[in-house]
Amino acid sequence: MDWFDTIGRTFLDFDAMLQVLPQLLGTGLKNTLIISFAATIIGVVVGMIIAVMGVSTSKWLRIPARIYTDIFRGLPAILTILLIGQGFARVSQDIFGPSPYPLGILAVSLISSAYIGEIFRSGIQSVDRGQLEACRALGMSYGKAMRLVVIPQGIRRVLPALVNQFISNVKDSSLVYFLGLLVSERELFRVGQDAAVLSGNLSPLVAAGICYLMITVPLTHLVNYFDNRFRTGRRKPTPPRSGLDEVDEFDPTIIHPQEAAR
Amino acid sequence: MSTTDVTSTPQDVQRFRGSRLELVDLTLAYGPIDVVKDVSFTVAPGTTTCVIGPSGSGKSTLLRGLNRLHEPKNGDVLLEKESTLTVKADELRRRIGLVFQHFNLFPDHTALENVALSLRHVKKLSLAQARELAHRRLAEVGLAERSDHRPRDLSGGQQQRVAIARALAMEPEVMLFDEVTSALDPELVKGVLNLMADLGKRGMTMVVVTHEMNFARGVADQVVFMDEGRVVEVGSPTALFDSPQSPRLQRFLSEVL
């Protein structure tokens, strides 16, 4: 059972895992979550702008939104991260200082905003056209109708997809390691990898993987739960009621006795 | 279902000040195809005009042309002798209410919020004022006790009455109805038609696209028969239903009656 031992030592070296654990939780997990949350929040803001442009009737708004989405969805994440992280390093140095951390967040944000833009756009376009028409018929402007009625309905439908995008960002945040982060800025993957070099086996990376799974697996199931809830909708259980009872509900002679007497 | 709390406030029964509506050679097009062609007729203040005709005759498009949800290609619509094409569309739509075949209520909002939303954001009333007024409008359509229900917890007939209350809340001078009972179960139609007849009696100017011939005969002051985008016959209900002149109308009536 020699190979069994080898596998155990490679993946399940518990001493190496324990040794890296404080760093994984203290530095890695923290940075992974910071990058993921920041990228999701920026992605939601930019994505909403892209989505609203994407459903506009003006092609001068639609076409730029399309190009933006096509580029950032069409490129491999690693390529975008390297291009932005290294390409804008000089500019970033003047604004944020020498750390590539902000540029990493920016790159992941741009990628996720393209996906989130598509998520929002599909949500907005899935709202029945009659909703917009009803608003317009009441004298609301296009902007007000979108803001008050159409967009909120669209967002509600795509909340599960947004959580999925957050999960995706958690995983993509590992790619930021290519930019070369300071020790205090390293996320789960990089912390695991550094420790793996020292321990001479892959167990620290397995520990990092477990950390990822602790974030992503519960979220996946949360999404499924919410998806079901949103699909069925909250509903006050009401007993069935005969349509015949309703016939009398609007009887002008009851509601306006004076008027009927005329 | 009691309506006693509604009857106790008869001072709420207000008369409407319906306006005069005049269509002058109105033409509406989808791209290169004219679907409403040179339509002209006048709706006197406080009267009801029913528009009847086979499907595809341009009735619904005609209604959307009146409040410029569909911009006219040619001709004009005069509201109180003033061209509707010169005012801002949003402004115009506050004066001309429209009720849809499929209600188009806001599904995430309660009946009360459905009525209050435009009061708040278009009429700019305070939240309290908007809710108070919305409540009164719901009471007027017999739904005082349903104000906290969401559309999906209401029957089709009740949803349509909420939609009417929502349009009425903007205090329009003209109300347009687009086949508003076509999506309803048969026993629920009466409540909605009664309500519309009541609005007519109270002085609202109404243009009603409908397949309910009994309503057209009983309530309308004027009936317009359209086919293939044109007005084929206009006249009193008795004239059109009892002695139709054109072969098209004779044929149509023989199919639906």
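Some notes on this structure:
- B:Gly218 vs. criteria under 14 Å from B:Phe41 (Cα atoms), out of contact with any Lys or Arg (no Cβ under 7 Å at 6 or more places or on another chain) and surrounded by fewer than 18 Cβ atoms within 10 Å (Cβ to Cβ): no
- Taking the criterion of being free of Cβ contacts under 8 Å to residues at least 12 places away in the same chain, closer than 19 Å to A:Glu187 by Cβ and in a helix (DSSP H, G or I), the residues of the range A:93-102 that qualify are A:Phe96, A:Pro102.
- Count of the range A:127-149 residues which are free of Cβ contacts under 8 Å to residues at least 60 places away in the same chain, more than 7 Å from chain B (Cβ to nearest Cβ) and assigned to a helix (DSSP H, G or I): 7
- Residue count for the range B:211-252 satisfying the condition of being in contact with a Pro (Cβ under 7 Å, 6 or more places away or on another chain) and under 16 Å from B:Gly56 (Cα atoms): 2.
- Some residue of the range B:91-98 being more than 14 Å from every other protein chain (Cβ to nearest Cβ), out of contact with any helix residue (DSSP H, G or I) (no Cβ under 6 Å at 6 or more places or on another chain) and aliphatic (A, V, I, L, M): no
- The range A:87-120: number of residues that are polar (S, T, N, Q) and under 15 Å from the mean Cα position of the chain (by Cα): 3
- Scanning the range B:112-141 for residues that are away from every other protein chain (no Cβ under 12 Å) and either under 19 Å from the mean Cα position of the chain (by Cα) or in a loop (DSSP other than H, G, I, E, B) (or both) yields B:Leu125, B:Ser126, B:Ala134, B:Arg137.
Matching residues to (1) modelled with pLDDT under 95; (2) part of a strand (DSSP E or B); (3) not aromatic (Phe, Trp, Tyr):
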| residue | (1), (2), (3) |
| --- | --- |
| B:Gln11 | yes, no, yes |
| B:Val24 | no, yes, yes |
| B:Asp38 | no, yes, yes |
| B:Gly56 | yes, no, yes |
| B:Leu62 | no, no, yes |
| B:Pro72 | no, no, yes |
| B:Val77 | no, yes, yes |
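- Test: residue in the range B:95-106 that is surrounded by fewer than 22 Cβ atoms within 10 Å (Cβ to Cβ) and part of a helix (DSSP H, G or I): yes
- Which listed residue, of B:Val209, B:Val232, B:Val162, is under 16 Å from B:Arg137 (Cβ atoms), in contact with a helix residue (DSSP H, G or I) (Cβ under 6 Å, 6 or more places away or on another chain) and at pLDDT 95 or above: B:Val162
- Test: residue in the range B:174-190 that is touching a helix residue (DSSP H, G or I) at 6+ places or on another chain (Cβ under 7 Å), in a helix (DSSP H, G or I) and within 11 Å of another protein chain (Cβ to nearest Cβ): yes
- Candidate set: the range B:79-94, residues that are assigned to a loop (DSSP other than H, G, I, E, B) and out of contact with any Ser or Thr (no Cβ under 8 Å at 6 or more places or on another chain); chosen: the one nearest to A:Val127 (Cα to Cα): B:Lys88
- Test: residue in the range A:227-244 that is more than 13 Å from every other protein chain (Cβ to nearest Cβ), in a helix (DSSP H, G or I) and either touching a helix residue (DSSP H, G or I) at 6+ places or on another chain (Cβ under 6 Å) or modelled with pLDDT of 90 or more (or both): yes
- Close pairs (8 angstrom Cβ cut-off, 6 or more residues apart or separate chains): within 14 Å of chain A (Cβ to nearest Cβ) in the range B:201-217, part of a helix (DSSP H, G or I) and acidic (Asp, Glu) anywhere: B:Lys201/A:Glu259; B:Arg202/A:Glu259
- Residues that are crowded, with 17+ Cβ neighbours inside 10 Å and closer than 30 Å to B:Val122 by Cβ, drawn from the range A:158-197: A:Val158
The values are calculated or read from the model by the stated rules, or taken from the named source; none is laboratory data. Predicted model only: the values in this text are computed from it and were never measured. Neighbour counts run over all protein chains shown; Cβ positions are idealised from the backbone, glycine included.
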